[in-house]
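Engineer: What follows is a structure written as structure tokens; I'll ask about it next.
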Amino acid sequence: MTSCSLFSPAKINLSLRILGKRPDGYHELLTEMVMISLGDTMVFRLSDEPRDLLAVSGRPVDGNPDDNLVLRAIRLFREMRGFGGKPSYWKVELEKKIPVGAGLGGGSSNAAAALWAMNLLSGNSCSRQDLMEIGAKLGSDVPFFLGEAHAVASGRGEKIHPCDPFPGKTLVLWNPLVPLSTSRIYGGLSVPRINSLTDSETLPRISSLLSEDKGGNDLEPVAMSILPIIRKVKDALTAKGSEFSLMSGSGPTVFGFFDEPGQATFASRFLEEQFGGWTGIFETLSSSPFVSP
Ligand SMILES: C[C@](O)(CO)[C@H](O)COP(=O)(O)OP(=O)(O)OC[C@H]1O[C@@H](n2ccc(N)nc2=O)[C@H](O)[C@@H]1O
Ligand SMILES: Nc1ncnc2c1ncn2[C@@H]1O[C@H](COP(=O)(O)OP(=O)(O)OP(=O)(O)O)[C@@H](O)[C@H]1O
């Protein structure tokens, strides 16, 4: 096998609770996430040049291509697992549809897809768990994308607790097309200092997150202080019939769930007319697109 194509999905955070700031500077958190039908497409081909190449189409990604999470993931896989001594440089085409710096995990999903592709193309020697461990070195959100479509993440986001498939739901997304930096949003929090929690401290909190604590995001106040329009869009989604609306991750994307497709279409059009930016209608995924052959 010398090539493969993958769908690299976005995620939304259904709740996000910050428990405190750790001595290593990261925040200890609990977050329930689900993958959605918005995603980028990626094609990986063996390169005939002795270097990795990335071609991005669709939405532009800022920064030096060498620092792109896709190329970083490929280099890390080569360093940690190798390709069994075979020549192993890759040409990647990335068609970017997920807004960048949006709280939708686009870069993390692309990194997970690259690790998944490298494993597939090198003979599948890694388990999902092995790939998650490699992925955690690239970013807190990467392991989630290598697991089930619906999960709770704890620690700094890298410890994954799979959940039952999320019931299929229609959602409207809205994004102002203004990126928000994740580290800037975390930097604006004022929370107590704590040590990392052990699994036995975390597990009881996960069941209460899933059963009682629906629909809160502790990063919203920081993001809203920078972009007050986030609150207006949340309120508009609820006024147009959304069961509940929330900012995803570190923002600024806002989503709302709708039972009626007609209501979702109406709400999405309303947001576009009223607030500009980008909006679309998507579905939650019941299973991960990364499946073993
Ligand atoms: C907001 C979320 O998307 C929720 O799912 C994630 O927590 C962010 O995950 P991510 O983008 O993969 O974040 P990373 O690349 O690991 O970290 C980016 C920066 O965010 C801050 N950060 C991130 C995760 C975390 N638990 N605490 C933090 O304080 C740190 O300043 C870090 O330097
Ligand atoms: N393949 C990639 N796609 C998008 N951004 C990337 C990629 N590789 C590196 N980046 C860098 O990561 C930054 C954050 O982009 P990303 O779209 O992943 O943010 P995000 O959705 O807020 O992530 P998260 O929800 O994980 O915090 C970008 O500004 C860009 O500099």
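Each row is one residue, and each column tells you yes or no for (1) over 19 Å from F144 (Cβ atoms); (2) of a type outside the set (D, E); (3) within 12 Å of ligand 1 (Cβ to nearest atom); (4) at pLDDT below 95.
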site: I12; (1), (2), (3), (4): no, yes, yes, no
site: G25; (1), (2), (3), (4): yes, yes, yes, no
site: S37; (1), (2), (3), (4): no, yes, no, no
site: D40; (1), (2), (3), (4): no, no, no, no
site: D48; (1), (2), (3), (4): yes, no, no, yes
site: V61; (1), (2), (3), (4): yes, yes, no, no
site: G84; (1), (2), (3), (4): yes, yes, no, yes
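Engineer: Of all residues in the range 42-98, how many are more than 18 Å from the chain's Cα centre (by Cα), within 11 Å of ligand 2 (Cβ to nearest atom) and open to solvent by less than 30 Å² (accessible area, probe 1.4 Å)?
Structural biologist: 1
Engineer: Keeping to the range 243-267, report how many residues are of a type in the set (S, T, N, Q), within 22 Å of the chain's Cα centre (by Cα) and more than 16 Å from A10 (Cβ to Cβ).
Structural biologist: Residues meeting the conditions: 1.
Engineer: Right, another one. Exactly one of these conditions fails for I74: (1) within 16 Å of ligand 1 (Cβ to nearest atom); (2) in contact with a Phe, Trp or Tyr (Cβ under 7 Å, 6 or more places away or on another chain). Give me its number.
Structural biologist: (1)
Engineer: Another question about this same structure. Considering only residues that are assigned to a loop (DSSP other than H, G, I, E, B) and over 20 Å from H161 (Cβ atoms), look in the range 115-136 and name the one that is farthest from ligand 1 (Cβ to nearest atom).
Structural biologist: So, considering only residues that are assigned to a loop (DSSP other than H, G, I, E, B) and over 20 Å from H161 (Cβ atoms), the one farthest from ligand 1 (Cβ to nearest atom) is G123.
Engineer: While we're looking at this one, here's another question. Given (1) more than 17 Å from the chain's Cα centre (by Cα); (2) within 16 Å of ligand 1 (Cβ to nearest atom); (3) open to solvent by 20 Å² or more (accessible area, probe 1.4 Å), where does G20 come up short, assuming only one miss?
Structural biologist: Failing condition for G20: (3).
Engineer: Is it the case that R184 is in contact with a Phe, Trp or Tyr (Cβ under 7 Å, 6 or more places away or on another chain), more than 30 Å from E260 (Cβ to Cβ), within 12 Å of ligand 1 (Cβ to nearest atom) and open to solvent by 20 Å² or more (accessible area, probe 1.4 Å)?
Structural biologist: It is false that R184 is in contact with a Phe, Trp or Tyr (Cβ under 7 Å, 6 or more places away or on another chain), more than 30 Å from E260 (Cβ to Cβ), within 12 Å of ligand 1 (Cβ to nearest atom) and open to solvent by 20 Å² or more (accessible area, probe 1.4 Å).
Engineer: Output the residues belonging to the range 198-212 that are surrounded by fewer than 10 Cβ atoms within 10 Å (Cβ to Cβ) and of a type outside the set (V, I, T).
Structural biologist: Step one: list which residues in the range 198-212 are surrounded by fewer than 10 Cβ atoms within 10 Å (Cβ to Cβ), which gives 198, 200, 204, 211-212.
Answer for the range 198-212, where residues must be surrounded by fewer than 10 Cβ atoms within 10 Å (Cβ to Cβ) and of a type outside the set (V, I, T): S200, P204, S211, E212.
Engineer: Could you please let me know if N195 is within 16 Å of ligand 1 (Cβ to nearest atom), surrounded by fewer than 15 Cβ atoms within 10 Å (Cβ to Cβ) and in contact (Cβ under 8 Å) with a residue 24 or more places away in the chain?
Structural biologist: Yes, satisfied.
The values are calculated or read from the model by the stated rules, or taken from the named source; none is laboratory data. Everything numeric here is computed off the predicted structure, so don't read it as measured data. Every residue, glycine as well, gets a Cβ built from its backbone with ideal geometry; the counts of neighbours run over all protein chains shown. Just so you know, the surface numbers come from the protein's heavy atoms only, side chains and all, with ligands and any DNA or RNA stripped out. Shrake-Rupley method; radii C 1.70, N 1.55, O 1.52, S 1.80 Å.
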